[in-house]
Structures are given as structure tokens and as C-alpha cells.
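Worksheet: the structure to be examined is printed underneath.
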Amino acid sequence: MKLAVAGGTGLTGAHLVDVARARGHDVVILSRRTGVELLSGAGLAGRLDGVDAVIDVTNVTTNKPDVSVSFFAGATKSLLAAERAARVPHHLALTIVRADAAPDGYYAGKLVQERLIAGGDVPWTVLRATQFHEYAALLFHRGRAGAHIAPRGRVQPVAAREVAVHLVDLAEGTPQGRALEFGGPREEDLSDMVRRYARAIGYRGPLPTVNAPGAWGHALRRGALLPGPAAVRGEQTFLEWLDALPDA
Ligand SMILES: NC(=O)c1ccc[n+]([C@@H]2O[C@H](COP(=O)([O-])OP(=O)(O)OC[C@H]3O[C@@H](n4cnc5c(N)ncnc54)[C@H](OP(=O)(O)O)[C@@H]3O)[C@@H](O)[C@H]2O)c1
């Protein structure tokens, strides 16, 4: 198959490209580093010729709803328009389990992305995944030296690599609409994950456990972001992921 990976230079995208190529697929990477600016659509013309499926794992790092909505709406509209023009038969995107259950600026963009895809005319599959194991690292490194925090929360983290494998499986199949949720093998406490990650990379400074603010923090603590019972489960636990870290 010929697959296009939008965001193929990112965390999930790099795994996707690796998995897809290892299975013998021809892969086109769409990102600014490969000359494609998805908000304007610049550089997209001709890139989707002969593509069987586009997998969108682009991202913007923000908590601001206007920034998130304009990024995910802009990128999704550019991709869908180019797919229609090139007659691509399958659009896939990665979003977040229960993004609609926890009010959050970033999630606002993910929900708009889902609505645009479902309301468009390119056959689609949307996979909602839980937080990655890497989320613990992201949260830790967001804090500046001496200001690191470990927010409490109930999560069921999953390996980004396993999400990528699952996305390639879905791309090899027919469009499903909303796919079953994809989550990790077991529930973890987010503050414990951040703490263990910090220890694994040798951090010995202060790391207070805090309640994340607002409605999102409350939703996180009461488990609103956990996947439902029908979710497909990955295999690698957070501790296994941590053990495999090069720094650990
Ligand atoms: N992290 C999690 O815990 C988690 C959980 C569930 C779902 N997800 C979803 O997974 C997706 C991927 O997340 P990630 O953490 O793997 O992303 P990431 O590492 O931040 O990578 C983002 C990618 O988007 C590309 N990109 C950004 N702006 C672009 C633009 N204007 N035009 C073209 N390409 C652009 C970047 O490439 P260039 O810089 O080269 O442009 C990069 O390849 C996100 O949609 C996220 O919502 C994440």
C-alpha cells in the first residue's frame, strides 16, 4: 500500500513510518520538515497521488482552545481537501479517549477535528487512544528546574509504539468510522508515573504532588479519561516502558 503520514516526523508519526515501512508499505511523510505546511496546504499538491490512506498524527502543543481549534481545523481541512482531489479512499486520525468528558483547551481542537472528519466525504477511521507512557516525561519536562510537579490523576497509559502498530492495522483495513478505543494494559496514577520517570532519569529535586486545576483536573482525578470496558488494550505497561528507556 501507499500510505501518507501527516506528522510523520513526530513521536507517534516516527513509529508509524517505521512500522509501515517494515511491513513493506510505501510511505510519504507530510510535515513542515518535508516541505508541507498543513495550515496553508502549501507543498501538499501532488503528494497524495496514488495514496491508499492518509494517517493524521499532526499535533500542536497548547492549552489554548483558539490555538488548538485553529490548528486541528486548519490541518484537517487541508488534508481532506487534498484527499478529495486525489481520490484518497481512507482518512485516519488519532484523537483522545473521552476528550468530550473533560473540558480542556487542547481537547477543543481534537473534538473539532473529529467533527470535521465525520462530517466530510472522505471515508474515515478515528482512533481514540489514552495518554501515552511518554506523557509522564512531557509533564515532567514542562516544569522548569525546581518547579517540576506531579499531578494526581487516573490514567491507563499506552505505548505510542503500540498505538502506531494499531493505526497501521487500521489503515490496512477498510474505513470503520469510530474505531474501538485503544488503551494501555492497566490503570496508573499519573503523579506516580511522573515521579518514577523523574527517578529513572536521575532527578532528585523537589517534585510536589498537586491537583491539576479546573474542570479538567477534576475530571482527571475522578477517572473520566479512562477507556471503557470494550477498549482494545495494548500490552506494554508503564514500568516496562520505563525499564526500556535508554536513560533508565
Ligand atoms: N501524547 C499523547 O499522550 C497522545 C494520546 C492520544 C492521542 N494523541 C494524539 O496523537 C497525535 C500525535 O501526537 P504526537 O505527540 O505524536 O505529536 P508530536 O510529536 O508533537 O508531532 C507533531 C507532528 O506534527 C507535525 N506538524 C506540526 N505542525 C505542522 C504543520 N503546520 N504542518 C505540517 N506538519 C505539522 C510535526 O512535524 P514538523 O515539525 O516537521 O512540521 C510533527 O511531525 C496528536 O494529534 C495527539 O492529539 C496523543
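The values are calculated or read from the model by the stated rules, or taken from the named source; none is laboratory data. Nothing here was measured: the structure is a model prediction, and the numbers come from that model. In this analysis, Cβ positions are derived from the backbone assuming ideal geometry, glycine residues included, and neighbour counts consider all displayed protein chains. Protein only, heavy atoms only, side chains kept; ligands, DNA and RNA dropped before computing areas. Shrake-Rupley method; radii C 1.70, N 1.55, O 1.52, S 1.80 Å.
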Return the long-range amide H neighbours of ARG128 (sequence gap of 5 or more, or a different chain), with a cut-off of under 5 Å between placed amide H atoms.
-> THR95, ALA179, PHE182
Provide LEU225, LEU139 ordered by accessible surface of protein heavy atoms (probe 1.4 Å), highest first.
-> LEU139, LEU225
Take the Cβ-Cβ distance between ASP121 and THR61 as r, set R0 to 22 Å, and report the resulting FRET efficiency rounded to the nearest 0.05.
-> 0.10
Leaving ligands, DNA and RNA out of it, work out the accessible area of ILE55 with a 1.4 Å probe and give it in Å² to the nearest 10.
-> 0 Å²
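Leaving ligands and nucleic acids out of the surface, order PHE71, PHE140 by accessible area at 1.4 Å, largest first.
Of PHE71, PHE140, the descending order of accessible area is PHE71, PHE140.
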Set of the stretch 1-19 residues, backbone N closer than 18 Å to the point 7 Å along the Cα-Cβ line of GLN176 | 16
Taking placed amide H atoms and a strict 5 Å upper bound, the residues 5 or more places from LEU92 or on another chain that come that close are VAL54, ILE55, ASP56, THR125
Keeping the other protein chains in place, figure out the carbon and sulfur percent of the accessible area of the stretch 1-129, with a 1.4 Å probe.
-> 53 percent
Contour minus Cα-Cα span, VAL232 to ALA22, at 0.36 nm per residue, comes to 73.3 nm
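How much accessible area per residue does the chain have, in Å², with a 1.4 Å probe?
With the other protein chains kept in place, the chain gives 45 Å² per residue.
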Which whole number in µm²/s is D for the stretch 2-243 by Stokes-Einstein, with the Kirkwood Rh taken over Cα pairs at 4 °C and 1.567 mPa s?
-> 70 µm²/s
Per-residue [θ]222 nm for the chain (sum of -39500 (n - 2.57) over DSSP H runs n ≥ 4, rounded to 500) | -12000 deg cm²/dmol
Full-stretch length increase - ALA215, SER70 - with 0.36 nm per residue and alpha-carbon distance subtracted = 50.0 nm
Out of LEU170, VAL210, VAL60, whose Cα points farthest toward the positive end of the dipole of the stretch 2-243 (charges: +1 Lys, Arg; -1 Asp, Glu; placed on Cβ)?
-> VAL210
For helix 190-200, what angle does its Cα long axis make with the longest principal axis of the chain, in degrees from 0 to 90 and rounded to 10?
-> 80 degrees
Measuring from its Cα centre, the chain shows a charge dipole (+1 at each Lys and Arg Cβ, -1 at each Asp and Glu Cβ) which, in debye to the nearest 20, is 620 debye
What does the highest-first list of 7-13, 23-29 look like by mean Cβ count within 10 Å?
-> 7-13, 23-29
Rounded to 10°, Cα long-axis angle of helix 160-172 versus longest principal axis of the chain | 20 degrees
Among the lysines, select those whose C-alpha is under 22 Å from the C-alpha of LYS64, and discard any that sit fewer than 8 residues away in the same chain.
-> LYS77, LYS110
Ordering 154-162, 176-184 by per-residue average of other C-beta atoms within 10 angstrom, highest first, gives 154-162, 176-184
Take every DSSP beta bridge with both residues inside the stretch 2-243 and express the antiparallel ones as a percent of the total, to the nearest 5.
-> 10 percent
Expressed as a whole number of Å, what is the distance separating the alpha-carbon centroids of the stretch 45-94 and the stretch 216-248?
-> 26 Å
Under the 7 Å Cα-to-Cβ spin-label approximation, LYS77 and LEU39 lie apart by a distance in nanometres of 1.3 nm
